[in-house]
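Contents: one structure, followed by commentary.
Throughout, read-outs are computed from the coordinates displayed, never taken from laboratory work. Being a predicted model, the structure only gives us computed values, none of them experimental. All Cβ positions, glycine included, derive from the backbone under ideal geometry; neighbour counts span all protein chains shown.
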Amino acid sequence: MPKAQETVLEIDLNALKHNFEHLKSKLKDNTKVLAVVKAFAYGSDACKIAKYLETLDVDYFAVAYTNEGVALRQAGVTKPILVLHPIAINFKTLIAYCLEPNLYSSKILETFIEVATQENQTNYPVHIKFNTGLNRLGFDERDIDFIANTLKETSGIKVKSLFSHLAASEDLNEREFTLNQINTFKQYSEKLINLMGYAPIRHMCNTSGILNYPEAHFDMVRTGIGLYGFGNSEKESKNLKPIATLKTIISQIHTIEKGESVGYNRAFKSKSLLKTATLPIGHADGISRIYGKGKGFVTINGKKAPIVGNVCMDMIMVNITNIECEEGDEVIVFGPEHNTAESLAESASTISYELITSISQRVKRILLK
Ligand SMILES: *Cc1c(COP(=O)(O)O)cnc(C)c1O
């Protein structure tokens, strides 16, 4: 791997393949895999990731919003794409790009049928979501008759899948709650299937659901974070490989005398002689201010260098007092080994999901294969 000469996010497709295969090994042979590629494939590169996953045997994709699905289609992605959070104003676009909406409320169901009918669609594939305890999006039990009756009156749409989402699949202390969600989903979906007279695909598990609740795999699973290399626990993360490495370089080195300050608001005041390195990466690149003031750290020549003072928009300063390094040297912000995005996120009491999806679009993505 060539040394970084600017801030870059390297994406390792071999690691992606490893993660895909590891997750597949947890499934029965006929269980389908939906890859969640929302938010630029968790901050990496949705189009390139989706195109690569199409060469493995992925069955489905999901994005959060319609425009994310449009970008995938424009890049040539041909597998079905579920839009998890479609908004009515985008329904015409969604149909134009053959994207498949999650219909989660009576209003959104009726509005979609109206638009599909106007657009002369028949049997347009849609997905019905049940709320089984997350209380975010989804139909409740009392809506089931309404859904069935509404479906009977139209030939504009056809239900391709029924699904729900787990609230705490990574937290084994919430096992009872999760098992209850799984049962609720079984009941709701069986009731609707009886009324509809046909059985669509059923799916419920996200990554931690796949790993912790094999009994809830149903016909398909939806994986996001696992594909990108994190298992939401030390044990599970060991079997996965983070696909992204965020690198930068040392722009300048400073000697800070005792009593001098570093950075905005003079947030750091030196109690002794030390050395800092200034790096071209800041909160506009996705390293939030919560990583400042010694919480977050980077790795330089194998050693930890904590962030000194406040994170600036385009720069951070790190303490390199005990590190041999010079201007131009490569810096690892997070990578697959010791300083993972999971551990960096933990240093500031957040989660890998937030850190990796925050890496802004101005950071150059480089694909490794
Ligand atoms: C984001 C999302 C997922 C993926 O979850 P991971 O924990 O990243 O595997 C699955 N299903 C839904 C509905 C989501 O919103």
Nitroxide proxy distance, nm - points 7 Å out along Cα→Cβ at N120 and L56: 4.1
When the stretch 31-228 is reduced to its Cα atoms, the Kirkwood hydrodynamic radius in Å: 17.0
Qualifying GluC sites (Glu not before Pro) in the stretch 335-369, DSSP loop, other Cβ atoms within 10 Å at most 15: E337
Nearest-0.05 FRET efficiency for S106 and K79, computed from C-beta distance (R0 35 Å): 0.75
C-alpha long axis of helix 175-196 to longest principal axis of the chain, angle in °: 30
In degrees, nearest ten, helix 46-55 long axis to first principal axis of the chain (Cα): 60
Rounded to 10°, Cα long-axis angle of helix 106-118 versus longest principal axis of the chain: 70
Residue order, fewest to most beta carbons within 10 Å, for D29, D329: D29, D329
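Per residue, how big is the convex hull of the stretch 244-368 when only Cα atoms are used? Give it in Å³. Could you put the intermediate results ahead of the total?
On the way: hull volume 12.2 nm³, N = 125.
Per-residue hull volume (Cα only) is 98 Å³.
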For the stretch 31-228: relative contact order, % (alpha-carbon pairs under 8 angstrom, 6 or more apart): 19
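Based solely on its DSSP helices, what 222 nm [θ] is calculated for the chain when runs of n ≥ 4 H residues each add -39,500 (n - 2.57) and the sum is averaged over all residues, nearest 500 deg cm²/dmol? Before the final figure, lay out the partial values.
Numbers: 12 runs with 110 residues, N = 369.
Result for the chain, helices only: -8500 deg cm²/dmol.
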Length-normalised contact order for the chain - Cα pairs under 8 Å, 6+ apart - percent: 19
Neighbour-count ranking [beta-carbon atoms within 10 angstrom, fewest first] of D45, D57: D57, D45
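Within the stretch 31-228, how many lysine pairs that are 8 or more places apart, or on different chains, have C-alpha atoms less than 13 Å apart? Don't skip to the end; give the middle numbers.
Working: K32/K79; K38/K48; K51/K79; K129/K160; K129/K186.
So the count of such lysine pairs works out to 5.
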Distance between the stretch 85-156 and the stretch 312-369 - C-alpha centres, whole angstrom: 41
